[in-house]
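Right, one structure below, let's go through it.
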Amino acid sequence: MNTVKGYLPHYTVRDYFKWEGDWELIEGIPYAMAPSPFWKHQRIAFLIAKEIEEQISDCLQKCSVALEVDWIINEDTVVRPDVVVVCKKVEEYLKSPPEVIFEIVSKSTAFKDENLKFSLYEREKVKYYAIVYPDLKKMRVFKLEKNKYEKVFDDETGSFLFQVTCSFSIDLEKIWKRV
């Protein structure tokens, strides 16, 4: 057991739903979410979701896209990714891994997005994890291969095809032009 974790309280989903404000719970440790994200962050998340929604419109019986939904992974882990693509029926909360997750990175979330969530999403077998860097106008995409993430895209321009149940692509030039 990690020495630091031994001194920290361990919280559960039950605790999580009693808290005020915006939090994520990762392995029993609460992480305060940044206050309302900046305009650019929200705009990029919206444009990505819109782009996906338009491309999978013929496939909506199988897949859907959503912004900032709680994903209850287990009794001590709840995260709220910026954008998810889900190809399973969802009732109240997302309880199984999305096929694709996008996180829009800010200075205050970089460590969590690049390390904690990277490891968590890899462990939970999210097929694609895309990390978007607004200040660099860049996107990195990791694909799950043999239970490990491999970087398959790292660019400021161009387009990437996400090959999932309802495949779609993200054209970065189109996104950056509209931010």
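The values are calculated or read from the model by the stated rules, or taken from the named source; none is laboratory data. Model, not experiment: these values are computed from the prediction. Here the Cβ is made from the backbone with ideal geometry for all residues, glycine too, and neighbour counts use every protein chain on show.
Would you point out which residue out of GLU75, GLU122, GLU99 is farther than 23 Å from GLU173 by Cα, touching a residue at least 60 places away in the same chain (Cβ under 8 Å), in contact with a Lys or Arg (Cβ under 9 Å, 6 or more places away or on another chain) and surrounded by fewer than 18 Cβ atoms within 10 Å (Cβ to Cβ)? Spell out the reasoning first.
Working: GLU122 fails: touching a residue at least 60 places away in the same chain (Cβ under 8 Å); GLU99 fails: surrounded by fewer than 18 Cβ atoms within 10 Å (Cβ to Cβ).
When all the criteria are applied, what remains is GLU75.
Could you grab me the full set of residues in the range 114-141 that are over 24 Å from LYS88 (Cβ atoms) and of a type in the set (Asp, Glu)? The answer is GLU114, ASP135.
If we keep just the residues of the range 78-95 that are buried (at least 20 other Cβ atoms within 10 Å of the Cβ) and without any contact (Cβ under 8 Å) to a residue 60 or more places away in the chain, which is farthest from LEU116 (Cα to Cα)?
Per the criteria, the residue is VAL86.
Looking at the range 137-153, can you tell me whether even one residue there is hydroxyl-bearing (Ser, Thr, Tyr) and under 18 Å from LEU47 (Cβ atoms)? Working first, answer last.
Filtering the range 137-153 for residues hydroxyl-bearing (Ser, Thr, Tyr) gives 149.
If we keep only those that are under 18 Å from LEU47 (Cβ atoms) as well, we get none.
No, because not a single residue in the range 137-153 is hydroxyl-bearing (Ser, Thr, Tyr) and under 18 Å from LEU47 (Cβ atoms).
Assess whether VAL132 counts as being touching a Phe, Trp or Tyr at 6+ places or on another chain (Cβ under 8 Å), in contact (Cβ under 8 Å) with a residue 24 or more places away in the chain and of a type in the set (Val, Ile, Thr). Outline the logic, then answer.
Values: touching a Phe, Trp or Tyr at 6+ places or on another chain (Cβ under 8 Å): yes; in contact (Cβ under 8 Å) with a residue 24 or more places away in the chain: yes; of a type in the set (Val, Ile, Thr): yes.
In short, yes.
Within the option set ASP82, ASP76, being among the charged types (D, E, K, R), at pLDDT 90 or above, farther than 26 Å from PRO134 by Cβ and within 19 Å of the chain's Cα centre (by Cα) holds for one residue only, ASP76.
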